[in-house]
Each structure stands twice: as structure tokens, then as C-alpha cells.
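These notes concern the structure reproduced below.
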Amino acid sequence: MPNPLDTAARATPDRIARKLRGLSDRAIAWAFVAPTIFLLLAINIFPLIWTIRLSFTNFAANKPNAEVKWVGLRNYERILTDPDIWQTMQATAHFLVWTIVLQVLIGFTLAWLINRKFRGNDLLTTLIVLPMMLSPAVVGNFWTFLYQPQIGLINYAVEFFTGIPASSFSMLGSVTLAPWAIVIVDTWMWTPFVMLICLAGLRSIPDYIYEAAEVDRASPWRQFWTMTVPMVLPFLMLAVLFRGIENFKMFDLVVQLTGGGPGDTTLLSSIELKREAFEKWRTGYSSAYAIILFVTVFGLASIYVKALNKVKER
Amino acid sequence: MTAFISGLLSFRRGPWEMLATILIALGVVMLMQPFALWAFTWSFVVTLTGTVMFIITSHFPE
């Protein structure tokens, strides 16, 4: 016997039925997702495709009416045979490697110490996290004063501990010291970020695991290497991923501190890219440069995410 | 080593992803090393090959 509801539904004219039913689930889902997809296409995908296209031309953004010529791979060829660009890549590598190494070591140590229960723990955590909350422009200015040869505290501290006269050296003006000066400032500013992520990892380890290890008479050293480090590793790797991507495109802090000098010793790739794009107005050339940096970061992030997933699966 | 090569020949994800990963890492090292300009010149081609290979091979069966 047919269901009376089905019979009634079938008998309803299509025009009325559509009004009663409203939108299908699929249509509602698309209505929710469409604005995001549109924004993603407009803000990320379209500029990327446009930049790839520009990288094969001699387009200059300050001459919009000039004839745009297709130059093929010439922009890429010029960048990848330029010793000055090679030098900026080395400066970027120095900054990237040392900031990550120092931030991971100090951040993890601080997290490990803060994780112990003691009086004033919360206050200390807040104080340590403060540098991360400051604007890079403020931090840049602040450290420029600290590094000042005549009035800077850093130079006086060096004089106090080593006896080297404070006014005899300039951290930001020396070819050998300037690359380390920017590493110190970035480490001071962003170690708390790594510490917070490691702290979240340390606090996610249940106490009963350590209790079981103590019952089995595992030494604190063994507990640290076989339990603490492997369980915090995914968090640590996330922190390295975030800091790596962020420092690869570091701009504001270094511009405030050294402006890329002395000479080109602290000229990071992002600063050079900005100069090419908005000071020399070589838009096609700088687009090719941006694509090279993008492919590098994208490739690194891909293998890193794969490694992170493997660690999480363990 | 034989397993790695037979994995490559049978289009399994693991060995191909490993090869792509090695290419990307090699490309980045070539880009940032301070020793040879020719390595810097060829770094982008190596990184790009590795990255495209990684995107394709991540869709291969396990």
C-alpha cells in the first residue's frame, strides 16, 4: 500500500514543491563555502598566478603605460647568476639557522624550567612572554639604543665583563658583529613563542607516565630522552616550522636595526626583494625573485609537514 | 637499495616521496651554500623539480 505522504508529495506541482523544500543540503553547503573560496582565489591564487606571469616579462609598476615585453627565463637567469643575490641568500641562511637553533635550545630549556611547580611561576611566565607582544618597530628602536656604542647598555656590559672599551666597537656597525646582533634581537623577541609551544607540549604529558617510569627505576636522564623529548617533539617541530617560515621573510626588525648594512652583511632576501620591487621598480625581475623564494619555502614546508605527520603517527 | 629502486619502478609513494624530499633539501642547500656559484645557479631547478615531484607523488598509492 503506497504511503499517503509520498502520494501527496508527488501530487504537489513542481513550482510549489520547490518553494516548500527550499535549498538542498548541497546548495546550502556551497553557499557557506563559496565566499571563502572566492576570497582565497582573489587574495592568494590570483596574485600568485599573476606574479608567475609577470616574472616572465620586463614589466615595471611605475611605468604602467610602457610596452611590456616577454623576456622568457631571462629574469630567473639574471637572479641565479648574480653574486649579490647569492650573498643575500647566505645572509638569510645565517640568520635563519642561528635564530632557530638558539630559539629552540633556549625556548625548550625555559619551558622545562617553568614547567616545574614553584612560587611566582605564573608571574615569571608573563614576564618572559612580554617581548613577543611588542611591535617589531618598537623592539628595533629599543635595541638600536641598547647597541649604541656611547650610551648603549650592551657595550657597557661587554666592557664590564671583558674589559674591552665600550666605545671601541659597534654591534650594528661592524661587518662581523652585525649579523650576530640581529640574531640576538630576534632570539630575544621570539624565544618566548617557542617556549610557550614547548610548555603546551610538556603540560600535555600525563603524570602517570613518569610515575610508571619511576616504578621501573628509570633515571631522570633516561626519562628525559625516552619520554619527554619524543612527546614534545611534534610541538617543537611546529614551533620550528612557524619560526622558519616567519624568519625566511623577516623584514621589519632588521630594517629598523641595520637597514641591511653595514655593506650588505645583513641584507636579507626579503629586504633585497623590497628594494628591487619598490625602489628600483623592476617588477618583472622582483616577481621572479619572489617566485624563487616561494618555491623554496613551499618545498621546505612540504617536507616538514610530512616529517611532522610521521612523528605524530609514532 | 633494491627495495628502493623496485619501489620507484612500481610507482609506490614512499620511495618517490623520499627522492622528492632529497631533491628539495639538496636544492635549498645549493641555494644557501657559500662555496660555489654554479650550485646557486642550479638550485632553483633542483628545488622546483623536487617540489613538483612531491606534489605529484603524494597522490601515488602507498
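Candidates are the residues of region A:268-314 that are in a loop (DSSP other than H, G, I, E, B) and more than 14 Å from every other protein chain (Cβ to nearest Cβ); the one that is modelled with the lowest pLDDT is A:Arg314. Considering B:Pro61, B:Pro15, the condition of being surrounded by fewer than 14 Cβ atoms within 10 Å (Cβ to Cβ) and either within 10 Å of chain A (Cβ to nearest Cβ) or at pLDDT below 90 (or both) is satisfied by B:Pro61 alone.
Note on region A:108-127: residues that are of a type in the set (Ser, Thr, Tyr) and either at the interface with chain B (Cβ under 9 Å from one of its Cβ atoms) or farther than 19 Å from A:Pro234 by Cα (or both) amount to 2.
For the structure I just gave you, tell me whether A:Leu48 is touching a Gly at 6+ places or on another chain (Cβ under 7 Å) and among the hydrophobic types (A, V, I, L, M, F, W, C). Taking the combined requirement at face value, the residue does not satisfy it. Enumerate the pairs (first residue in region B:30-58 and more than 7 Å from chain A (Cβ to nearest Cβ) and within 16 Å of A:Ala288 (Cβ to Cβ); second residue anywhere and modelled with pLDDT under 95 and assigned to a helix (DSSP H, G or I)) with beta-carbon separation below 6 Å, excluding pairs fewer than 6 apart on the same chain, so at least 6 apart or on different chains. Cβ pairs passing all conditions: B:Ser43/B:Gly27; B:Ser43/B:Met30; B:Ser43/B:Leu31. Once region A:280-314 is narrowed to residues that are without any contact (Cβ under 8 Å) to a residue 12 or more places away in the chain and among the hydrophobic types (A, V, I, L, M, F, W, C), the residue that is surrounded by the most Cβ atoms within 10 Å (Cβ to Cβ) is A:Ile303.
Before we move on, is A:Thr265 among the β-branched types (Val, Ile, Thr) and part of a loop (DSSP other than H, G, I, E, B)? Yes; evaluated as a whole, the condition is true for this residue. Residues in region A:84-107: is at least one farther than 17 Å from A:Glu246 by Cα and more than 14 Å from chain B (Cβ to nearest Cβ)? Among the residues of region A:84-107, at least one is farther than 17 Å from A:Glu246 by Cα and more than 14 Å from chain B (Cβ to nearest Cβ), which makes the answer yes. If you check A:Lys117, A:Lys63 for being under 25 Å from A:Asp207 (Cα atoms), among the charged types (D, E, K, R) and either part of a loop (DSSP other than H, G, I, E, B) or touching a helix residue (DSSP H, G or I) at 6+ places or on another chain (Cβ under 6 Å) (or both), only one passes: A:Lys117. Do we have any residue at all in region A:90-99 that's part of a loop (DSSP other than H, G, I, E, B) and modelled with pLDDT under 95? No, because not a single residue in region A:90-99 is part of a loop (DSSP other than H, G, I, E, B) and modelled with pLDDT under 95. Please go through region A:219-262 and give me each residue that is part of a loop (DSSP other than H, G, I, E, B), of a type outside the set (Lys, Arg) and on the phi < 0 side of the Ramachandran plot, ordered by number. Matches in region A:219-262: A:Ser219, A:Met250, A:Phe251, A:Thr258, A:Gly261, A:Pro262. For region A:155-205, the tally of residues that are among the β-branched types (Val, Ile, Thr) and surrounded by fewer than 18 Cβ atoms within 10 Å (Cβ to Cβ) stands at 6.
The values are calculated or read from the model by the stated rules, or taken from the named source; none is laboratory data. All figures in this text were calculated on a predicted structure; none of them were measured in a lab. Heads up, the Cβs are rebuilt from the backbone with ideal geometry, glycines too, and the neighbour counts pull from every protein chain shown.
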